[in-house]
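Only one structure is covered here, and it is reproduced in the block below.
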Amino acid sequence: MAIVTSKEMFRKAYDGGYAIGAFNVNNMEIVQGITEAAIELRAPLILQVSKGARNYAKHVYLMKLIEAAVADAEQTAGFDLPIVVHLDHGDSFELCKSCIDGGFSSVMIDRSGLPFEENIAITKQVVEYAHDHGVVVEAELGTLAGVEDEVNVSAEDSSYTRPEDVQEFVERTGCDSLAIAIGTSHGAYKFTAAQCTRDPETGKLVPPPLRFDILDEVAQRLPGFPIVLHGSSSVPQEFVDIINQYGGKMPDAVGIPEEQLRQAARGAVCKINIDSDLRLALTASIRKHFGDHPEHFDPRQYLTPGRAAIKAMVEHKLINVLGCDGKA
Ligand code: G3H
Ligand code: 13P
Ligand code: ZN
């Protein structure tokens, strides 16, 4: 059975100094691009589904697409690809329960915007139901800036995780992994120009460094416990440049430098969430395709290179950022 929980994956990742990529899926081409990369590189994988993705594609379609990827790996590569099917940013007990009942092996309950005690109470409720059903739970402490599943969190309302809270939170909730806020942020515009410096040669924004001091203190207080980073797209500037060159408008889109994510993956961070970079790879490829072939109108003509662009981007992440190639 290749749909698994992240328990064993995270233990090996922690000990091995690498992280598992958690990629958001919304349709067939995205599932295929990601899983083809993971199959080729023998990489363990987390495919995650947001509430918005579930509303867009329906639970059953996404579940069946992921099951198809598992079957395809077995049939075409003779490989039992281990995949975690995860709910990203669950905001209620009912949503988490529905995903658990519908075959997911992992859920996130994200009520980090609530006061500490209320976050503990709802997380504990989800953990009890999930563990009774053999499912693992990711929780969150601290609030990331950016767009988080239809919720906009301004930079002023975001807050770093307080390391002094993590032990009590994990002990009292029984959660299996913890997402923390150390300066990452959701979306393709992670920082305002005022938060960055500017590279004098390229004119591109240079973001402020992640708060590794917070990560280190969290890791000291929770030895061996898997930490999760959300908002970890790097917003590759080659995609942004293609999008802008072919009629798009994404000025000052900026992400997290890959070497900082690699550094986090060497330590306590076992899961790194990537969605925006998938969107950018697909959009850049499709915009370029239409620029070069304005007469095309068959979706297969532009989705074939789009899917290949996702695959190439994911391969790069698995090897150079996550370090999880060959670990399945
Ligand atoms: O963290 C949010 C993910 O990028 C999912 O985004 O809610 O637009 O599907 P979404
Ligand atoms: P990005 O927007 O940086 O890709 O973050 C995705 C994410 O955290 C999904 O939960
Ligand atoms: Zn997220």
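The values are calculated or read from the model by the stated rules, or taken from the named source; none is laboratory data. Note that the structure is a prediction, hence the values are computed from the model and not measured. Ideal geometry is used to build each Cβ from the backbone, glycine not excepted, and the neighbour counts take in all protein chains shown.
Quick grid of which residues meet (1) more than 23 Å from residue 277 (Cα to Cα); (2) over 23 Å from the mean Cα position of the chain (by Cα):
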position: 164; (1), (2): yes, yes
position: 182; (1), (2): no, no
position: 186; (1), (2): no, no
position: 189; (1), (2): no, no
position: 199; (1), (2): no, yes
position: 211; (1), (2): no, no
position: 218; (1), (2): yes, no
Inside the range 215-240, the number of residues satisfying the requirement of being more than 16 Å from ligand 3 (Cβ to nearest atom) and either over 10 Å from residue 166 (Cβ atoms) or of a type outside the set (Val, Ile, Thr) (or both) is 15
Next item on the list: Look at residue 100 and say whether it is over 30 Å from residue 326 (Cα atoms) and in contact with a Phe, Trp or Tyr (Cβ under 9 Å, 6 or more places away or on another chain).
Entry: no
task = Answer yes or no: is there a residue in the range 89-99 that is surrounded by fewer than 23 Cβ atoms within 10 Å (Cβ to Cβ), under 18 Å from residue 48 (Cβ atoms) and in contact with a Lys or Arg (Cβ under 7 Å, 6 or more places away or on another chain).
result = yes
Item to check | Hey, residue 218 of a type in the set (Val, Ile, Thr) and more than 22 Å from residue 287 (Cβ to Cβ) or not | outcome: yes
Please verify whether the range 74-81 includes one or more residues that are closer than 17 Å to residue 30 by Cβ, in contact with a Ser or Thr (Cβ under 9 Å, 6 or more places away or on another chain) and within 16 Å of ligand 2 (Cβ to nearest atom). no
In the set 61, 56, the lone residue that is in contact (Cβ under 8 Å) with a residue 24 or more places away in the chain, within 16 Å of ligand 1 (Cβ to nearest atom), part of a helix (DSSP H, G or I) and over 26 Å from residue 227 (Cβ atoms) is 56
Report task. Please verify whether the range 304-317 includes one or more residues that are over 25 Å from residue 250 (Cα atoms), of a type outside the set (Gly, Ala, Ser) and within 16 Å of the chain's Cα centre (by Cα). Result -> no
Flagged in the range 210-249 as more than 16 Å from ligand 2 (Cβ to nearest atom) and part of a loop (DSSP other than H, G, I, E, B), in numbering order, are 211, 222, 223, 224, 225, 246, 247, 248, 249
* Answer yes if at least one residue in the range 282-303 is away from ligand 1 (no atom under 16 Å from the Cβ), among the acidic types (Asp, Glu) and not in a helix (DSSP H, G or I), and no otherwise. => yes
- request: Output yes when any residue across the range 254-274 is over 27 Å from residue 178 (Cα atoms) and either out of contact with any Ser or Thr (no Cβ under 7 Å at 6 or more places or on another chain) or within 16 Å of ligand 2 (Cβ to nearest atom) (or both), and no when none is.
  value: no
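Restricting attention to the range 181-206, and to residues there that are outside any loop (DSSP other than H, G, I, E, B) and small (Gly, Ala, Ser), which single residue is modelled with the highest pLDDT?
Once the filter is applied, the top-ranked residue is 185.
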Of all strands (runs of 3 or more DSSP E) fully inside the range 77-155, the set with 3 or more residues that are of a type in the set (Val, Ile, Thr) and at pLDDT 95 or above is 83-90
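Conditions (1) within 16 Å of ligand 3 (Cβ to nearest atom); (2) at pLDDT 95 or above; (3) over 19 Å from residue 304 (Cα atoms), marked per residue:
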residue: 16; (1), (2), (3): no, yes, yes
residue: 20; (1), (2), (3): yes, yes, yes
residue: 25; (1), (2), (3): yes, yes, no
residue: 46; (1), (2), (3): yes, yes, yes
residue: 56; (1), (2), (3): no, yes, yes
- Is it true that residue 195 is among the polar types (S, T, N, Q), away from ligand 1 (no atom under 16 Å from the Cβ) and surrounded by 13 or more Cβ atoms within 10 Å (Cβ to Cβ)? yes
A careful count of residues in the range 251-261 that are away from ligand 1 (no atom under 16 Å from the Cβ) and either among the charged types (D, E, K, R) or in a loop (DSSP other than H, G, I, E, B) (or both) gives 5
Checked pairs for the range 75-91, first closer than 29 Å to residue 109 by Cβ, second in a helix (DSSP H, G or I) and within 16 Å of ligand 3 (Cβ to nearest atom), C-beta under 6 Å and 6 or more apart or across chains, list as 87/99; 90/96
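What residue, of 259, 217, is surrounded by 16 or more Cβ atoms within 10 Å (Cβ to Cβ), modelled with pLDDT of 95 or more and acidic (Asp, Glu)?
Residue meeting the stated conditions: 217.
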Selection over the range 262-278 where residues are surrounded by fewer than 22 Cβ atoms within 10 Å (Cβ to Cβ) and in contact with a Pro (Cβ under 8 Å, 6 or more places away or on another chain) yields a count of 0
